[in-house]
Amino acid sequence: MRFFYIGAINNNEWRAVTVGGSMLQTMRDNAQGMIAKIIVGFIIVVFALWGVESIVSIGSGTSATASVNGEDITEEDIVRTVEQQKANLRRQFGDQYDENLFNEQFLRQSALEQLIEQKIALVQAQELGLRASPRSVDETIVTIPAFQLDGRFNREQFQNVLRINGMTPLMFRASLAEDIITNQARAAFILSSLETPFSARLSEALNQEERTFRFTEINARALEAEVNLSEEEIQAAYEADRDRYMAPEQASIRYVQLRRDRLVASQTVSEDELQQAYDEYLSREAVREQRQASHILLETADRSRDEALELAVDLRARLAAGESFADLAKEYSDDFATRDQGGDLGLSARGAYADAFDAALFELAEGEISAPVETEYGVHLIQAVKVVKAPAKSLAEMRSTLEDEIRQVKAEPLFAEQLQELSNLAFSAESLADVANALGLTVEQSAVFTREQGDGITSNTDVRQMAFSDSVLLDKEISAVVELNDSALVMAIASHQEAVVRPLDEVRGQVVGALRRERALEMARSRAEAIVAGTETSSDWKTITTTFAQPSAAPRQAQQRAFGLQPGKTDMVSSAGGFAVVTLDSINSKNWQDVAVTEELTEAGRAQNSRADMLSYQTWARSVSDIEN
């Protein structure tokens, strides 16, 4: 089951939009001279006729980030899962939650792994022939606590929770259907696992077995003070591990940066342009309406398609004769989530439902009832209960927003033109100063940075990679254009220092500390070996009596080793601080025949077996799946 974040509704939906940016790259690579001007002119015409959305939308879309047996996992899936993880963290930590403490890349990787595991489980369940009927989906929805108020399913609560999580009812139904069939596969292992009375007794007898053992610890850190190091040993350790003390390769760059925000800020907006933009805004708002819908769903699981269509036609005729839509929905609809509310689906925007359902709904006038509509869920009769048009804001309210949009639109072709010019100059100019002068920009210089880390402009990976490229670093050329989110730059190397081994005097503390810890650990091992051999004794033995799983004062490694020894035997194990020596004194075994077989004991054994079976199945399923990421 998916987790839901339930809180104050500040925004109806969360959105993750990926905007394609291939146009400028193509212009830079292919356009020269007059061709560039023609393309820029074309962009201006497109902006003037259809607005900025016509360009922004080009190249956008959802691409697969990974796949399992050909089933795609998209960037949108990952973004949505990361947001769910963050919502769970916010709920868990409350006011102490700080998004900066959680690495975004870690959350993305965690989300991707989660989605891969879910997709593997889904694919294998589908190959087993498992399915979720619309009825089982409906019955599950009404029992989910997140959708209930006062212990009963509440339609408005259902819709609000989905909006907060950026999902439509149909998206959630599809997701829930996937959960149901994967849970069916899990249930097959959980419910088919067995635990015999003998296995339960034997397992419990082993769990109750007690062992008495002694242990002593040799702490390596306590021995460091006994380590004496000569200058020759320090020098030898430094020479043997010189790579450990390397100062990384460093560089700094001089660069010329073209910033989109400066171009935007320099644009002026006339009153005529503002009025035209406001008129376009009014036109967009006119079609951005919402509709309150009700429906009667006739499933085809328990009846044929023809029977469902025939019943829909009959019900439509009864509605035309004046019968109540709500009453017929309560009597005939197979949608358990809405039928008690007369089939009411609430208020939704275009695109909230399946294509056929959505198209039919938005063709209806207020109060009108559709002809039978077929979707994957069955046959629907749809009523447009109410048509709600979005209230448009006044010009005064929209002025600031529209002025920003106009400046952005006017600046974009100028940015594209200057970007092309920047690219041309990078190949033809003698120096960065020539590039800066031609574009009216300035030459700036970065701080020193490495291949792995930088500050400011060099915090960007693409900038660092370009700076350390052969053409820039070795040939001392001006770089090709590097595009960032809202700017672009060209660069030349300002300074460079090869990776070098730092002098011993500079790293002496590190060398001595590492060598001292190494020698102390060797001494601890030797003392532990001597105690095991009997050539050395310890006065600090501690005696423990415990079961295998019970926590004790002994290091976990020592306790585990004690349960692998015979009485009277001694051995050593590594521990967190050095080494521990363990001697087993006695074993208090439990006779399996004396262990009473209880229902609780049998169920615990069966649960353990089912978990082992499930883990084995998951490992097998992953091994036979074709995973690409």
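The values are calculated or read from the model by the stated rules, or taken from the named source; none is laboratory data. In this text, all values refer to a predicted model and were calculated from it rather than measured experimentally. Cβ sites come from the backbone with ideal geometry, for glycine too, and all protein chains shown count toward neighbours. Each accessible area value is taken on the protein alone, full model and side chains, heavy atoms only, with ligands, DNA and RNA left out. Shrake-Rupley method; radii C 1.70, N 1.55, O 1.52, S 1.80 Å.
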Next on the checklist: Which of the helices (runs of 4 or more DSSP H) found entirely inside the range 132-205 contain at least 2 residues meeting this: open to solvent by 70 Å² or more (accessible area, probe 1.4 Å)?
Outcome noted: 134-141, 169-192
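Restricting attention to the range 574-617, which residues are in a strand (DSSP E or B) and touching a Phe, Trp or Tyr at 6+ places or on another chain (Cβ under 7 Å)? Let's see the steps before the verdict.
Let us first name the residues in the range 574-617 that are in a strand (DSSP E or B), namely 574, 578-588.
Ala580, Val581, Val582, Thr583, Leu584, Asp585 - these are the residues of the range 574-617 that are in a strand (DSSP E or B) and touching a Phe, Trp or Tyr at 6+ places or on another chain (Cβ under 7 Å).
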Checklist entry - Where residues in the range 509-562 are open to solvent by less than 40 Å² (accessible area, probe 1.4 Å) and in a loop (DSSP other than H, G, I, E, B), which of them is farthest from Glu217 (Cα to Cα)? => result Thr547
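Please tell me if Leu328 is touching an Asp or Glu at 6+ places or on another chain (Cβ under 6 Å) and open to solvent by less than 40 Å² (accessible area, probe 1.4 Å). Step through it out loud before you land on a result.
Numbers: touching an Asp or Glu at 6+ places or on another chain (Cβ under 6 Å): no; open to solvent by less than 40 Å² (accessible area, probe 1.4 Å): yes.
When the stated conditions are applied, Leu328 does not pass them.
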Checklist entry - Can Arg303 be described as in a loop (DSSP other than H, G, I, E, B) and not aromatic (Phe, Trp, Tyr)? => result yes
Checklist outcome for this item: Sole miss for Met572 among (1) in contact with a helix residue (DSSP H, G or I) (Cβ under 7 Å, 6 or more places away or on another chain); (2) closer than 21 Å to Thr182 by Cβ; (3) of a type in the set (A, V, I, L, M, F, W, C) is condition (2)
Next on the checklist: Name the residue that is surrounded by the most Cβ atoms within 10 Å (Cβ to Cβ), counting only residues in the range 439-464 that are of a type in the set (Gly, Ala, Ser) and modelled with pLDDT of 95 or more.
Outcome noted: Ser446
Checklist entry - Would it be correct to say that Ile253 is open to solvent by less than 70 Å² (accessible area, probe 1.4 Å), of a type outside the set (S, T, N, Q), closer than 30 Å to Glu421 by Cα and touching a residue at least 12 places away in the same chain (Cβ under 8 Å)? => result yes
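For every residue, the table says whether it meets (1) in contact (Cβ under 8 Å) with a residue 24 or more places away in the chain; (2) over 30 Å from Ala188 (Cα atoms).
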position: Thr546; (1), (2): yes, yes
position: Ala558; (1), (2): yes, yes
position: Ser574; (1), (2): no, yes
position: Ser610; (1), (2): yes, no
position: Thr619; (1), (2): no, no
position: Asp626; (1), (2): yes, no
Checklist outcome for this item: Pairing a residue in the range 189-203 that is over 30 Å from Ala125 (Cα atoms) and touching a residue at least 12 places away in the same chain (Cβ under 8 Å) with any residue that is of a type in the set (A, V, I, L, M, F, W, C) and open to solvent by 80 Å² or more (accessible area, probe 1.4 Å), where Cβ atoms lie under 9 Å and the two sit 6 or more apart in sequence or on different chains, gives Phe198/Trp592; Arg201/Trp592; Leu202/Trp592; Ser203/Trp592
Next on the checklist: Considering only the range 350-361, I want to know if a residue exists there that is open to solvent by 60 Å² or more (accessible area, probe 1.4 Å) and within 36 Å of the chain's Cα centre (by Cα).
Outcome noted: yes
Checklist entry - Does any residue in the range 474-485 that is closer than 14 Å to Ala251 by Cβ come within less than 9 Å, Cβ to Cβ, of a residue that is in a strand (DSSP E or B) and small (Gly, Ala, Ser) six or more places away or on a different chain, and which pairs are these? => result Lys476/Ala492; Ser479/Ala492
